[in-house]
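The values are calculated or read from the model by the stated rules, or taken from the named source; none is laboratory data. Only a predicted model underlies this, so the values are computations on that prediction, with no experimental measurement involved. We place every Cβ from the backbone using ideal geometry, glycine too, and count neighbours over all the protein chains shown. Protein only, heavy atoms only, side chains kept; ligands, DNA and RNA dropped before computing areas. Shrake-Rupley method; radii C 1.70, N 1.55, O 1.52, S 1.80 Å.
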Amino acid sequence: MLRIIFGKSRDIIYNTSMYFSNVFQKEWLDDPYVRKMIKGVDGSEVLGDYLIKSKALGLIAPAQLSGGVKTLILTYFLPEKIFNASTCGDNCARWFLDMSKKQDRTINLRHIMDFGDRKMDIQILNNGAVVHSMSELVDVAADYL
Amino acid sequence: MKGSYRIVVQNNIVQFKLQVNRNITIIRGDSATGKSTLVDMVRQYSLNGQDSGVNISCEKECTVLVGVRWQSEIASIKNSIVFLDEGLEFISEPAFAAAVQASDNYFVIATRETLFHLPYSVKEVYGLRNVTRKKKYQVFNRIYSEFYPLYDEKMVRIKPDVVVVEDSNSGYQFFSALCEKEGIRCVSAKGNSNIYKVIRECGDETIMVVADGAVFGPEMERVLAFRKAKKVVYFLPESFEWLILRSGLIDGAKVQEILEHPYDFIESEKYFSWERFFTALLIQETKGTYLQYSKSRLNENYLNPKEKRSIGEAIRQLVENGQTS
């Protein structure tokens, strides 16, 4: 299940882009799920350990991936850590829900991410409530921003 | 600083075009639209000028704020447009808001985080979009990207069941009188940060939110999110005072000129938001007249049939033109 802490919180990795640059492992890009996320969010294709073909920027290094996809990759590989997911746009929302089906993940949000009209199971850790739709999520999240 | 500035930031790969109209501009939206690339290009140009390979075209100097010593950095930057990328935790702190208020710079902040301490306008929250058109004989494929307003909502003609006014003073007193005539319930939220709570308490009614668009940016996302469950429409003029100034009740070519291009008159160091400027302007323009304005209590002359009709007409024109502000 996806778990969310809304608002400011301790023990959060806030600057996910910097963190990514310093903990990145080249094996991460071999993972088919990561490649799908990079394709889905950035529209880019992984060519090798340190090489990505971006539609917009040409050939780029992993550090030049979007802030959103970097946070997704960190959340995927380091589920024991909590990252600032307000570095992610709404186009990352489905990936957070998807990767949390197999293993619980916790993220920190300092804005209201739009998870769309899909049915969802998200636990809001601020009060423990489990919500199943965006309208339920908004109802709870608004008080903690 | 005052004025409106066109900024073009480009290298051989990408070009960004943006227009900055007031002291605080927010960039958000989807991932992978180029926000960090834009700020990084400004950083490279700021460090190395033309030698960076980046070109920036702007009347004002463009620079970035990056580090832990941001307070001393801000103090040393004058009369510039300052870009900030996400990942800087201090931007949500009151100390940063105070520094912005005291500064004569404009700030362009890439963040999705809601910055409740900064009074930014709903009109100055932008996303970035790719506007590249393929040309037949294009030598290299540069990506063209530009700002688009995220909250560009058109006002719809609708009779709401309840009107929620942010204000509890003059603005509320006026809208309350207007609603009474139409048989509409009018509620004061007693502050921007309470609007979502009032919306939440409303039942299955059509709700119209009336707030000062000039400072409603931080609340917009939260209030907009409630549309998942409620029927909510918005009327967000710059401010109530701006509405009065637009109504034609206040004579003067100077006022009309200011309303046409406010950015040329509003000194950011003096006025943290346009809302404050229009309040000061209205107070100044009506001083000693029968329409002498006070924010805390509405001068009853604004509720005379003629005056009420004039302000009502200003509202109607905005609605007819499909504008929220």
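Values computed for the structure shown
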quantity: Test: residue in the range A:71-80 that is within 10 Å of chain B (Cβ to nearest Cβ), assigned to a helix (DSSP H, G or I) and in contact with a Phe, Trp or Tyr (Cβ under 6 Å, 6 or more places away or on another chain); calculated: yes
quantity: Some residue of the range B:116-127 being assigned to a loop (DSSP other than H, G, I, E, B), free of Cβ contacts under 8 Å to residues at least 40 places away in the same chain and either in contact with a His (Cβ under 7 Å, 6 or more places away or on another chain) or buried (at least 23 other Cβ atoms within 10 Å of the Cβ) (or both); calculated: no
quantity: Output for the range B:43-87, where each listed residue is open to solvent by 20 Å² or more (accessible area, probe 1.4 Å), among the aliphatic types (A, V, I, L, M), in contact with a Phe, Trp or Tyr (Cβ under 9 Å, 6 or more places away or on another chain) and assigned to a loop (DSSP other than H, G, I, E, B); calculated: B:Val68
quantity: Residue count for the range B:273-325, restricted to those that are of a type in the set (Val, Ile, Thr), at pLDDT below 95 and either under 16 Å from B:Gln173 (Cβ atoms) or in a helix (DSSP H, G or I) (or both); calculated: 2
quantity: Some residue of the range A:46-55 being touching a residue at least 24 places away in the same chain (Cβ under 8 Å) and not charged (D, E, K, R); calculated: yes
quantity: Residues of the range A:43-66 satisfying the condition of being in contact with a strand residue (DSSP E or B) (Cβ under 9 Å, 6 or more places away or on another chain), assigned to a helix (DSSP H, G or I) and either within 9 Å of another protein chain (Cβ to nearest Cβ) or open to solvent by 30 Å² or more (accessible area, probe 1.4 Å) (or both); calculated: A:Gln64
quantity: Test set (1) surrounded by 19 or more Cβ atoms within 10 Å (Cβ to Cβ); (2) over 23 Å from the mean Cα position of the chain (by Cα) - B:Phe235 fails condition number; calculated: (2)
quantity: B:Gln101 vs. criteria in the same structural domain as B:Ile315 (by TED's automatic domain parsing), in a helix (DSSP H, G or I) and modelled with pLDDT of 95 or more; calculated: no
quantity: Qualifying residue in the range A:21-42 (condition: touching a Lys or Arg at 6+ places or on another chain (Cβ under 6 Å) and within 14 Å of chain B (Cβ to nearest Cβ)); calculated: no
quantity: Single residue of the range B:112-132 satisfying the filter (over 15 Å from the mean Cα position of the chain (by Cα) and of a type in the set (S, T, N, Q)) that is farthest from the other protein chains (Cβ to nearest Cβ); calculated: B:Thr132
quantity: Exclusive hit being assigned to a loop (DSSP other than H, G, I, E, B), among the polar types (S, T, N, Q) and out of contact with any His (no Cβ under 8 Å at 6 or more places or on another chain), set B:Ser168, B:Ser176, B:Ser193; calculated: B:Ser168
quantity: Residue in the range B:7-29 that is open to solvent by 10 Å² or more (accessible area, probe 1.4 Å), assigned by TED's automatic domain parsing to the domain that holds B:Asp104 and on the phi > 0 side of the Ramachandran plot present; calculated: yes
quantity: Total residues in the range A:88-109, condition farther than 15 Å from A:Lys39 by Cα, within 10 Å of chain B (Cβ to nearest Cβ) and open to solvent by 10 Å² or more (accessible area, probe 1.4 Å); calculated: 1
quantity: Only one of B:Thr286, B:Thr279 that is under 22 Å from the mean Cα position of the chain (by Cα), open to solvent by less than 30 Å² (accessible area, probe 1.4 Å) and without any contact (Cβ under 8 Å) to a residue 60 or more places away in the chain; calculated: B:Thr279
quantity: Test: residue in the range B:224-246 that is acidic (Asp, Glu) and either more than 30 Å from B:Ser80 (Cβ to Cβ) or assigned to a strand (DSSP E or B) (or both); calculated: no
quantity: Hits in the range A:119-129 - residues which are open to solvent by 60 Å² or more (accessible area, probe 1.4 Å) and either of a type in the set (Val, Ile, Thr) or in contact (Cβ under 8 Å) with a residue 24 or more places away in the chain (or both); calculated: A:Asp121, A:Leu125
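Results for (1) within 14 Å of chain A (Cβ to nearest Cβ); (2) not β-branched (Val, Ile, Thr), shown as yes or no for each residue.
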position	(1), (2)
B:Ser4	no, yes
B:Asn23	no, yes
B:Arg28	yes, yes
B:Ser31	yes, yes
B:Val42	no, no
B:Cys62	no, yes
